[in-house]
Each structure stands twice: as C-alpha cells, then as structure tokens.
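Scroll down for the structure; my scribbles are underneath it.
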Amino acid sequence: MSGKWLLKDINIGTESVEAYPGFQLLIIDNIKADLYTDFSLSEKTLGLKIVDSQIITELNKKYGDYKLIDNNHLKLFINGKSNGKDTVFEFDFYRLLPTKTELKKKEIEKLTYIFKEDEKTNIEFKFNKELMKVETLKLLNKKEGHKMMIEQIDSTFFVSNYYSGKREASFPIKEVTAEFIKLYAIPTGPMELIAYRKK
C-alpha cells in the first residue's frame, strides 16, 4: 500500500457526490499515512496510522476503515452525518502513477490537444495561455481568467486549471506523447480521458 494515493470520488451511502472533491493526496509509508490538501505538499493536513483494516489518528482515535480493492484502488469508509442522518462516506483513492512520456515539461507546454466531449463540445488543452477572451476579462474587470498549466509531483505530470490566478483542479496525466494526452482518475467522471493533438 505504500505510495501516493489521489482522491477521485466521494460517495455518501449509495449516492455519488457530483462535485470536485478538492485536491487530497494520501501518502502511505508502511503503517504511517499523511493526508495533504495543498498541491505543494508543504504542510500535512492530517497524520494517520494504519492498524489492521483501520486508519487511526495520531491521537489513537478511529478515523475510518479501508479496503484495498486492487493494487491501484484504495477505498476509505468514514462514518459521518449527511442531512442530519448517520451515514458512511466512501472515499475512492487511486495510486498516483509516474507519467509515461518521452517529452519534457517544456515540450508538452508547446502542444495543444482537443478532447471531443460530444459533437458540439470540444475542450481544448492549451497551456500557459489566457483562455478567457479579452472582452470577457474587461467585462468582469479581471486581469486573469482561465489558464491551464502543466505541474508536477515527483514523476507525475498534472494538468492544472487556474481561475483568477488560483489553482482550482489538478488532474494526473497517465501518458502524453506528441499525438495525445491521457488523463486518469477524473473526479465525477471517467477513469480515463484522452485528448488528441490539434492539427
């Protein structure tokens, strides 16, 4: 179980939460586990221990139960309340894998990829450029709107979305070449998403 685990989805009982759960990275080293909620990993949010099938806080209080679904999927079960009722929150974490690529960060940033969501909607992955129209920025009285950046934790690259200069969401890149970019563990979405290079 040792490694870095990224939160993908949260389920409340039988219902999935259709919202980005925020950046949460669980770093496990044998029986020690630390939870981080900031991308820089500069300050841990919570220190934990793994004892049998339970996760315990540093104060020796039960935090939750866990189940290793497979080598890359870890599920946490944490008791809580939803709408005033007792419930079990299920947190799906996926192992953070090294990005498969022969490209350097600067090379990826020069490429543009397009994901065709449906016949009418295309999402363009263009990096280090303002994606909001100048007219819209002026109308909203903003200096910065929306940017996509390539960022990195260890040997894993991420596509990070910035709005008004603040990181809002980061998605790990499973593989990237000059022809395609493949993201994985998309919150409230598919396990994989592939966008192809804009010709």
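Going through (1) surrounded by fewer than 12 Cβ atoms within 10 Å (Cβ to Cβ); (2) modelled with pLDDT of 95 or more; (3) more than 30 Å from HIS146 (Cβ to Cβ) one by one, ASN72 falls short only on (1).
Just one of the listed residues (GLU109, GLU124, GLU130) is closer than 18 Å to LYS199 by Cα, modelled with pLDDT under 95 and either of a type in the set (Phe, Trp, Tyr) or assigned by TED's automatic domain parsing to the domain that holds ILE150 (or both), and it is GLU124. When region 22-41 is limited to residues that are in contact (Cβ under 8 Å) with a residue 40 or more places away in the chain and assigned to a strand (DSSP E or B), the one that is surrounded by the fewest Cβ atoms within 10 Å (Cβ to Cβ) turns out to be LEU25.
Applying a threshold of 9 Å to beta carbon distances and a minimum spacing of six or more residues, or different chains, the list of pairs starting in region 1-21 at a residue that is on the phi > 0 side of the Ramachandran plot and in a loop (DSSP other than H, G, I, E, B) and ending at one that is of a type in the set (Gly, Ala, Ser) and loosely packed, with under 15 Cβ neighbours inside 10 Å reads GLY13/SER82.
Consider region 144-155 and keep the residues that are of a type outside the set (A, V, I, L, M, F, W, C) and over 14 Å from LEU96 (Cβ atoms). The one that is surrounded by the fewest Cβ atoms within 10 Å (Cβ to Cβ) is GLU144.
Being closer than 30 Å to THR177 by Cβ and charged (D, E, K, R) is a property that does not hold for LYS67.
Yes/no per residue for (1) acidic (Asp, Glu); (2) touching a residue at least 40 places away in the same chain (Cβ under 8 Å); (3) surrounded by 12 or more Cβ atoms within 10 Å (Cβ to Cβ):
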| residue | (1), (2), (3) |
| --- | --- |
| THR99 | no, yes, yes |
| TYR113 | no, yes, yes |
| MET132 | no, no, yes |
| LEU139 | no, no, no |
| PHE157 | no, yes, yes |
| ILE173 | no, yes, yes |
| ALA178 | no, yes, yes |
| TYR196 | no, yes, yes |
| LYS199 | no, no, no |
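Looking across region 90-146 at every residue that is among the hydrophobic types (A, V, I, L, M, F, W, C) and part of a strand (DSSP E or B), the one that is farthest from ILE55 (Cα to Cα) is identified as ILE114. Would you mind stating whether ASP86 is in a strand (DSSP E or B) and surrounded by 12 or more Cβ atoms within 10 Å (Cβ to Cβ)? Against the criterion (in a strand (DSSP E or B) and surrounded by 12 or more Cβ atoms within 10 Å (Cβ to Cβ)), ASP86 does not qualify.
Among the listed residues LEU25, LEU35, LEU59, identify the single one that is aliphatic (A, V, I, L, M) and either touching a helix residue (DSSP H, G or I) at 6+ places or on another chain (Cβ under 9 Å) or under 28 Å from ASN128 (Cβ atoms) (or both).
Details: LEU35 fails: either touching a helix residue (DSSP H, G or I) at 6+ places or on another chain (Cβ under 9 Å) or under 28 Å from ASN128 (Cβ atoms) (or both); LEU59 fails: either touching a helix residue (DSSP H, G or I) at 6+ places or on another chain (Cβ under 9 Å) or under 28 Å from ASN128 (Cβ atoms) (or both).
The unique qualifying residue is LEU25.
The values are calculated or read from the model by the stated rules, or taken from the named source; none is laboratory data. Not measured: the values here are computed from a predicted model. Here Cβ is always computed from backbone atoms with ideal geometry, including for glycine, and neighbour counts include all displayed protein chains.
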